[in-house]
1. Determine whether the stretch A:49-62 contains at least one residue that is polar (S, T, N, Q) and touching a strand residue (DSSP E or B) at 6+ places or on another chain (Cβ under 8 Å).
2. Can you give me the number of residues within the stretch A:85-104 that are part of a helix (DSSP H, G or I) and surrounded by 17 or more Cβ atoms within 10 Å (Cβ to Cβ)?
3. Determine whether A:Leu105 is out of contact with any Phe, Trp or Tyr (no Cβ under 6 Å at 6 or more places or on another chain), farther than 30 Å from A:Gly24 by Cα, without any contact (Cβ under 8 Å) to a residue 60 or more places away in the chain and of a type outside the set (Val, Ile, Thr).
4. Could you list, in sequence order, the residues of the stretch B:146-169 that are without any contact (Cβ under 8 Å) to a residue 60 or more places away in the chain and within 10 Å of chain A (Cβ to nearest Cβ)?
5. Is it the case, given these coordinates, that A:Leu108 is among the aliphatic types (A, V, I, L, M), at the interface with another protein chain (Cβ under 8 Å from one of its Cβ atoms), in contact with a helix residue (DSSP H, G or I) (Cβ under 7 Å, 6 or more places away or on another chain) and closer than 15 Å to A:Gly127 by Cα?
6. For residues that are more than 9 Å from chain B (Cβ to nearest Cβ) and touching a residue at least 24 places away in the same chain (Cβ under 8 Å), scanning just the stretch A:85-96, find the one that is nearest to the chain's Cα centre (by Cα).
7. Can you work out which of the residues in the stretch A:35-72 that are among the small types (Gly, Ala, Ser) and either touching a Lys or Arg at 6+ places or on another chain (Cβ under 6 Å) or within 14 Å of chain B (Cβ to nearest Cβ) (or both) is surrounded by the most Cβ atoms within 10 Å (Cβ to Cβ)?
8. Could we say that A:Ala117 is aliphatic (A, V, I, L, M), touching a residue at least 12 places away in the same chain (Cβ under 8 Å), away from chain B (no Cβ under 14 Å) and out of contact with any Asp or Glu (no Cβ under 8 Å at 6 or more places or on another chain) here?
Amino acid sequence: MQVLKGVSFELGEGEVKVVFGPSGSGKSTLLRCINMLSPPDKGEVYLRGQNIKAPEVNINEMRARIGMVFQHFNLFAHLKAIDNVSIGLRRVKGFPKEEAREKALEVLDSVKMDEWADRYPAELSGGQQQRVGIARALAMDPDVILFDEPTSALDPELIGEVLQVMLDLAKSGTTMIVVTHEMGFAKAVASEMIFLGEGVIIERGTPEHFFISPKSERVQNFLQQLDVLYGSHEKLLK
Amino acid sequence: MSDTPTLSEIIFNIIGRGLYHTLLLTALGLLIGFILGISLALMRLYGAKELAWFSSGYEKLFRGIPLIVLIYVFAFGLPDILWYIDPLELRLGSVVLALSLRSAAYQSQIFRGAILSVNPGQMEAARALGMKGSQAVRHVVMPQALRLAVPSWSNEYSVVIKDSSFASAIGIIEMTQAAYFVSVNFRELWALTYLVLAVLYFLFTYPVTRIFGERQSKKLKKLGMGGG
């Protein structure tokens, strides 16, 4: 089955790309193609000019440069928050134990989770778990971070804290591709938005374009639905 | 033993003469079964097709043979090949071999189930960080699978310690054989002797399955590991 057709875009340093669209439109698959969790049968992905599907490329090294934040967090259940963040540094980047720990604490601090460093994932709220998930990706100093619906598994009252962290990241120049229906977030920081439907790009443009004059009726209806279902959470974003 | 023994003498007789071999056979059977069982589980899940077939065939074979048959095969067969080894050691070795080869088949199933019940998202998150498949298995999947396996593994312990009693069939003096000697020497005490034996086995199994089975299950649930 072909999930994505002719989807092509470029992402510059420090840009935030927001991908949205109905479920089953291939948003998650798009992200999973980029870091090869689901390798595409056709098509190419370039990271800083390097084709990551090229045979001489070590995919693990590439993945270390592409962070990923999951909808269901996927924190390592047997590890404390701090070890979730430091394990990539230790096992992939070869940091010594102490250095990895120090760096992990710094990153946890940046998502305001340093106080929870010694808790296991199951002892944290969804919002806290997702902040650790973001810290785990951040710690690797990736070139780009992929966010796969990072707030859609969260209770409404926990969404704000995660969006705030993502907003701070975006503003500090982190390159991100975000699959989300949080239009407030998109409005605030997206450099471009892409509306996917049935695996093709239906419409793309700046937030202004989408929120003032979207071309297709489909996008208009979808945005209306989103507003009804989720609200825009603009008040959550300072 | 000429005077009729008291209850405590029966207990100490069974423990004193038999406990060492019961625990030795159990420990070796479980340990070797553990090493083989994990290897078989990894072969089945991550190995090449041929290794997976071997593992699957091994499980079917050793789950289909009664333990006592394995013990007889090794106890009667090994001396022909290893005639220069001390007969008692060879008999112990036969039981260890039988216990561990059979336990490996069951432990392989335990570990395979445990690995499969680790949430697939854990493997994905590890790969997304840039870990190699082997690193992800070693640092993320296995640590969780081993914890998830503890309840079933404690059950396997209780099976192996009880089945070490089959060693009595080839004359190894473990707890059951020690009790048998008491019961034939003092026929009027046979019921009491076997009651003592049964209680001893129970005391060696129940607390272990209780602590590592039920308590571990609760703890794992609290940590949110496994399917549910």
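1. So the first thing to find is which residues in the stretch A:49-62 are polar (S, T, N, Q), and the list is A:50-51, A:58, A:60.
Checking the rest, the ones that are also touching a strand residue (DSSP E or B) at 6+ places or on another chain (Cβ under 8 Å) come to none.
No: zero hits.
2. The first filter runs over the stretch A:85-104 and keeps only residues part of a helix (DSSP H, G or I), leaving A:85-91, A:97-104.
Next, from what is left, pick out any that are surrounded by 17 or more Cβ atoms within 10 Å (Cβ to Cβ): A:85-91, A:100-101, A:103-104.
Residues flagged as part of a helix (DSSP H, G or I) and surrounded by 17 or more Cβ atoms within 10 Å (Cβ to Cβ) within the stretch A:85-104 amount to 11.
3. Details: out of contact with any Phe, Trp or Tyr (no Cβ under 6 Å at 6 or more places or on another chain): yes; farther than 30 Å from A:Gly24 by Cα: yes; without any contact (Cβ under 8 Å) to a residue 60 or more places away in the chain: yes; of a type outside the set (Val, Ile, Thr): yes.
Against the criterion (out of contact with any Phe, Trp or Tyr (no Cβ under 6 Å at 6 or more places or on another chain), farther than 30 Å from A:Gly24 by Cα, without any contact (Cβ under 8 Å) to a residue 60 or more places away in the chain and of a type outside the set (Val, Ile, Thr)), A:Leu105 qualifies.
4. Within the stretch B:146-169, B:Leu146 is the sole residue that qualifies.
5. Working: among the aliphatic types (A, V, I, L, M): yes; at the interface with another protein chain (Cβ under 8 Å from one of its Cβ atoms): no; in contact with a helix residue (DSSP H, G or I) (Cβ under 7 Å, 6 or more places away or on another chain): yes; closer than 15 Å to A:Gly127 by Cα: yes.
Answer is no for this residue.
6. That would be A:Val85.
7. To start, the set of residues in the stretch A:35-72 that are among the small types (Gly, Ala, Ser) comprises A:38, A:43, A:49, A:54, A:64, A:67.
From the residues that got through so far, the ones that are either touching a Lys or Arg at 6+ places or on another chain (Cβ under 6 Å) or within 14 Å of chain B (Cβ to nearest Cβ) (or both) too are A:38, A:64, A:67.
Numbers: A:Ser38: 15, A:Ala64: 21, A:Gly67: 28.
Among those that are among the small types (Gly, Ala, Ser) and either touching a Lys or Arg at 6+ places or on another chain (Cβ under 6 Å) or within 14 Å of chain B (Cβ to nearest Cβ) (or both), it is A:Gly67.
8. On the way: aliphatic (A, V, I, L, M): yes; touching a residue at least 12 places away in the same chain (Cβ under 8 Å): yes; away from chain B (no Cβ under 14 Å): yes; out of contact with any Asp or Glu (no Cβ under 8 Å at 6 or more places or on another chain): yes.
In short, yes.
Read-outs: derived from the displayed coordinates by stated rules, not from any lab. A quick note: this is a predicted structure, and the numbers were derived from the prediction, not measured. Positions of Cβ are backbone-derived with ideal geometry, glycine not excepted, and every protein chain shown enters the neighbour counts.
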